[in-house]
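The values are calculated or read from the model by the stated rules, or taken from the named source; none is laboratory data. Being a predicted model, the structure only gives us computed values, none of them experimental. Cβ coordinates were reconstructed from backbone atoms using ideal geometry, including for glycine residues, and neighbour counts include every protein chain displayed.
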Amino acid sequence: MSSTVWMDVEWEAMTTPVSAKFLAPMGQEGQRLVTRLKAEFERIEALMSSYRNSSEVSILNQTAAQTPVAVSRELIQLLLTANEISRISAGAFDITYASVGRFYDYRKKQAPSEAQIDGALPAIDYRHIRVDPQSRQISYAHEGVYVDLGGIAKGYAVDRAVELLKNAAVQQGIISAGGDTRLLGDKSGSPWMVAIKNPRSVSGNAEDSNVALLPLVDTAISTSGDYERYFVRGDERIHHIIAPETGKPVKGVQSVSVIGPEATMTDGLSTAVFVMGRKKGLAMIEELAGYEAVIIDDQRRMHFSSGLMNPEQ
């Protein structure tokens, strides 16, 4: 059996930090895999980023309300997956949230006016996206629809990266992109220890940076939090997780982590649970086989789905 070595790399893609650690054959093969991982993230970003005018998603936003647009099978499948998460969450997850969400500028600390929100709100409805898998065409049923895949594309990229490692016979590894992580196998016979961040940690204070460590093997975990992109206006935190029903940042929850088989689904579901809130969000997770959740509410209390509860409690 050939010798192996742990490859451990970090870079930035899809406007977020990405890291990969995996057990690879010694020599050039490990470095070639790193190159391929970076190229895969770049490919998906070029295809799905709403910030790139040449991406398929941007072309949809520019023209799909006027005429059907032919897209790749890959994007069709991801849109169908997004639609399914929207359906099972009763619209809490909705990639058309950006019809209003695009008017928030977190760097400039600007939020849309009530009039802007009211004018754009009718465009938020995942059912406005008409998908024809046979012709591979997408059309928008409302003039103001704007799609952003930020709530699912990073999880998808993580899954694609793990599949790339699997196809190269890698059996142990971890890929993370922002709040989305996928674990391949275990870590040299032990579980991977994945941290849930304290959503109100003090910068530079290591002691309070995490609120939990979860021992996980061969699974995915995604975290959505109100601390990722935000600004404070008065006593209000204006963050990037927008309620499709109101066009405004969700209140009542600070962080949601969802565990499940694939990061594409956990990515979308963590947003859905955040929007739904503790009670409805946990009720949905309990109905989904193979998924668990950890919620930190706005009182800093932690809530767990039944599969994570201590049976002795």
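If you scan segment 187-199, which residues turn out to be in contact with a strand residue (DSSP E or B) (Cβ under 7 Å, 6 or more places away or on another chain) and over 27 Å from Leu149 (Cβ atoms)?
Keep residues of segment 187-199 that are in contact with a strand residue (DSSP E or B) (Cβ under 7 Å, 6 or more places away or on another chain), which gives 191-199.
Pro191, Met193, Asn198 - these are the residues of segment 187-199 that are in contact with a strand residue (DSSP E or B) (Cβ under 7 Å, 6 or more places away or on another chain) and over 27 Å from Leu149 (Cβ atoms).
On the given criteria, is Ile241 under 30 Å from Lys187 (Cβ atoms), β-branched (Val, Ile, Thr) and modelled with pLDDT of 95 or more? Write out each step before concluding.
Details: under 30 Å from Lys187 (Cβ atoms): no; β-branched (Val, Ile, Thr): yes; modelled with pLDDT of 95 or more: yes.
No: the conditions fail for Ile241.
Just for segment 165-191: of the residues that are more than 20 Å from the chain's Cα centre (by Cα) and part of a strand (DSSP E or B), which one is surrounded by the most Cβ atoms within 10 Å (Cβ to Cβ)?
My answer is Lys187.
Of the residues Leu149, Leu80, only one is of a type in the set (A, V, I, L, M), within 27 Å of Ile285 (Cα to Cα) and touching a helix residue (DSSP H, G or I) at 6+ places or on another chain (Cβ under 6 Å); which?
Working: Leu80 fails: touching a helix residue (DSSP H, G or I) at 6+ places or on another chain (Cβ under 6 Å).
After applying the criteria, what remains is Leu149.
Show the residue pairs that are 6+ apart or on different chains and have beta-carbon atoms under 7 Å apart, the first residue being within segment 174-199 and free of Cβ contacts under 8 Å to residues at least 24 places away in the same chain, the second being of a type in the set (Val, Ile, Thr) and surrounded by fewer than 21 Cβ atoms within 10 Å (Cβ to Cβ).
Asn198/Val211
What tally of residues in segment 125-153 results from selecting those that are within 16 Å of Ile59 (Cα to Cα) and among the acidic types (Asp, Glu)?
2
Exactly one condition in (1) touching a Gly at 6+ places or on another chain (Cβ under 9 Å); (2) on the phi > 0 side of the Ramachandran plot is not met by Gly27; state its number.
(1)
Can you name every residue in segment 279-313 that is touching an Asp or Glu at 6+ places or on another chain (Cβ under 8 Å), farther than 19 Å from Gly151 by Cα and not hydroxyl-bearing (Ser, Thr, Tyr)?
Within segment 279-313, His303, Phe304, Gly307, Leu308 meet the criteria.
Check segment 67-86 and report whether any residue there is basic (Lys, Arg) and without any contact (Cβ under 8 Å) to a residue 40 or more places away in the chain.
no
Which of the following residues is modelled with pLDDT under 95 and within 21 Å of the chain's Cα centre (by Cα): Tyr51, Tyr156, Tyr126?
Answer to the selection: Tyr51.
Taking interchain pairs and intrachain pairs at least six residues apart, which have beta carbon atoms under 9 angstrom, with the first residue in segment 1-26 and farther than 13 Å from Trp192 by Cβ and at pLDDT below 95 and the second polar (S, T, N, Q) and part of a strand (DSSP E or B)?
Cβ pairs passing all conditions: Ala24/Thr4; Pro25/Thr4; Met26/Thr4.
Which strands (runs of 3 or more DSSP E) sit wholly inside segment 229-313 and have at least 2 residues that are β-branched (Val, Ile, Thr)? Even if it seems obvious, please write down each step before you answer.
Working: elements: 230-233, 236-239, 253-260, 292-297, 302-304.
By residue number, 253-260, 292-297.
If I filter segment 193-215 for residues that are of a type in the set (Asp, Glu) and not in a loop (DSSP other than H, G, I, E, B), do I get at least one hit?
Yes, some residue in segment 193-215 is of a type in the set (Asp, Glu) and not in a loop (DSSP other than H, G, I, E, B).
So, of the residues in segment 131-140 that are touching a residue at least 60 places away in the same chain (Cβ under 8 Å) and surrounded by fewer than 21 Cβ atoms within 10 Å (Cβ to Cβ), which turns out to be nearest to Arg73 (Cα to Cα)?
Looking at the filtered set, the residue picked out is Arg136.
Tell me which residues, restricted to segment 235-280, are on the phi > 0 side of the Ramachandran plot and surrounded by fewer than 21 Cβ atoms within 10 Å (Cβ to Cβ).
Residues satisfying the conditions are Gly252, Gly277.
Output the residue which, of all residues in segment 47-94 that are farther than 28 Å from Val273 by Cβ and of a type in the set (A, V, I, L, M, F, W, C), is surrounded by the fewest Cβ atoms within 10 Å (Cβ to Cβ).
The selected residue is Ala70.
Name, by its number, the condition in (1) surrounded by fewer than 18 Cβ atoms within 10 Å (Cβ to Cβ); (2) in a helix (DSSP H, G or I); (3) in contact with a His (Cβ under 7 Å, 6 or more places away or on another chain); (4) not small (Gly, Ala, Ser) that does not hold for Arg127.
The one condition Arg127 does not meet is (3).
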